[in-house]
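For reference, the structure is listed below as structure tokens.
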Amino acid sequence: MARTFKNPFKNSKLKAFIVFLFLASVFWMLTKFSKQDVASVVTTISYVNVPQGFMLDENTIQDFSFNVNATRFEFLGYVFKKPSIKIDVGAYFNETTKTARVDGAALEKIILNQVVDDGFVTQLSLPELILTLEQLSFKKVPVLGQVSISYDIGFDALGPKKIMPDSVTITGSKQMLDTIFSVNTTPLQLLDISSSFRQDISIESIPNSGATISPTTVTISQDVSEFSQKILMVPVTMINQPPQGNFKLLPASIRIAFNVPIAQFNEMAPANFTIICDYNSRDREDNFLIPIVQQMPPNITGVEMETKKIDLLIFK
């Protein structure tokens with residue numbers, strides 16, 4: 001014969017006991033956490049209204065502790081959310097000593113107004129707060145672009161990339177500024193570029209310095225063009241040759257290959273290039289010279305000479 005299962009939660013006496021236990025626990029917690037107690041609290045400090053032309057010393061205190069008399073419910077709030085106070089530096093600033101002094105009584109008043117709604121504070125870890133302010137200095141430094149550019153097949157840069165403005169002004173302590181000689185942009189990578197571009201980019205901040213940078217962004221631009229290869233036959237000129245004797249270069253002209261912007265392709269001619277050999281730098285044993293491209297038009301790339309050595313014939 002099958003046995004029937006009885007649900008214990010349908011028992012009215014058990015239900016009443018559970019409700020009573022729950023209410024008792026709630027009342028116990030309310031009684032426990034409503035009691036006044038004393039505990040140590042740590043608060044962070046944020047400084048506002050720093051006088052114009054000054055900055056706080058880098059070693060300025062950022063937090064301190066104090067004892068507070070409050071309910072345990074309030075203590076739970078301090079645990080889950082660390083309290084913070086704001087100190088108006090300008091209200092305590094002494095221009096003669098370049099300091100701001102906040103005494104213990106003023107600190108207690110700030111805590112009572114901003115942190116502790118009901119209660120009192122004791123045993124501040126700081127008997128007083130003395131802030132040292134430094135006169136701001138200014139320095140202009142160049143901007144270095146952290147830019148990596150790769151171009152589409154057949155395309156290349158037309159001239160150097162430009163950064164505008166090319167320098168920024170840093171404001172901070174003189175001691176800190178003496179260690180800074182340039183600033184960097186944030187890294188920028190551009191791939192498969194096939195047209196000219198302009199792009200705004202941020203300046204990297206200077207960590208742990210308290211310095212400000214103006215402006216905080218610059219514009220990077222680059223002209224881009226399609227390139228094509230061209231080959232020319234260019235005569236070779238020898239320099240520093242002695243006045244006596246007859247000299248002959250073999251070959252007297254060499255082929256030169258280079259990449260040129262499409263718009264300037266038809267403008268390129270041998271007269272745009274100067275290739276020289278220096279008699280004083282000749283190889284005396286084998287009697288040959290090394291050709292050097294002394295002059296060439298701007299905006300061309302990938303210059304290559306087909307001939308790497310020029311033989312020198314001397315007729316006496």
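At a glance:
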| quantity | calculated |
| --- | --- |
| Lone unmet requirement of (1) assigned by TED's automatic domain parsing to the domain that holds Thr216; (2) in contact with a helix residue (DSSP H, G or I) (Cβ under 6 Å, 6 or more places away or on another chain); (3) among the β-branched types (Val, Ile, Thr) for Val141 | (2) |
| Residue within the range 127-150 that is farther than 30 Å from Tyr47 by Cα and over 24 Å from the mean Cα position of the chain (by Cα) present | no |
| Residue among Ile231, Ile201 that is surrounded by fewer than 13 Cβ atoms within 10 Å (Cβ to Cβ), β-branched (Val, Ile, Thr) and outside any loop (DSSP other than H, G, I, E, B) | Ile231 |
| Qualifying residue in the range 121-132 (condition: among the β-branched types (Val, Ile, Thr), buried (at least 16 other Cβ atoms within 10 Å of the Cβ) and closer than 26 Å to Arg101 by Cβ) | yes |
| Any hit, the range 262-273, residues being out of contact with any helix residue (DSSP H, G or I) (no Cβ under 7 Å at 6 or more places or on another chain), farther than 21 Å from Gly154 by Cα, part of a strand (DSSP E or B) and not basic (Lys, Arg) | no |
| Members of the range 240-262 found to be exposed (fewer than 14 other Cβ atoms within 10 Å of the Cβ), among the hydrophobic types (A, V, I, L, M, F, W, C) and within 17 Å of Met296 (Cβ to Cβ), listed by number | Ala257 |
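The values are calculated or read from the model by the stated rules, or taken from the named source; none is laboratory data. Note that the structure is a prediction, hence the values are computed from the model and not measured. Backbone-built Cβ (ideal geometry, glycine too); neighbour counts: all protein chains shown.
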